[in-house]
Amino acid sequence: MADIKTKIRVQQVLNEKGIKHIELAKMINMSAQAIGAICKHKTAPSLSTLGKIAIALDLEIHELIDTSDGFGHIYMDEEGVKNWGGILPKCRK
């Protein structure tokens, strides 16, 4: 089975939305140091914390997950609605 190395895209999303990590910390009632450690990939957030971050940033949890080069997010189109289907190896051409 292939190893999926993931990084959490919190800092990237904060930059895109113009939000400072200290603001996110206040939004989810965490310390700025804890958010800083997540942003710098020094610690991985729990699923519960990741959920709180996603809600605060108006995202789905999977939008915070960045995959390694050989993997990607897949989406399933059901009646015009794209639903996240998971992370799978990318097809090689």
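Numbers below:
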quantity: Rounded FRET efficiency, nearest 0.05, which uses the C-beta distance separating His62 from Ser31 and R0 of 22 Å; calculated: 0.30
quantity: Amide hydrogen neighbours beyond the local backbone of Ile65, cut-off 5 Å, H modeled; calculated: Arg9
quantity: FRET efficiency, Lys42 to Asn83 (Cβ-Cβ, R0 41 Å, nearest 0.05); calculated: 0.80
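Taken together, the values in this text are just the output of simple stated rules run on the coordinates, not laboratory data. The structure presented is a predicted model; accordingly, all values stated were derived computationally and were not measured. We place every Cβ from the backbone using ideal geometry, glycine too, and count neighbours over all the protein chains shown.
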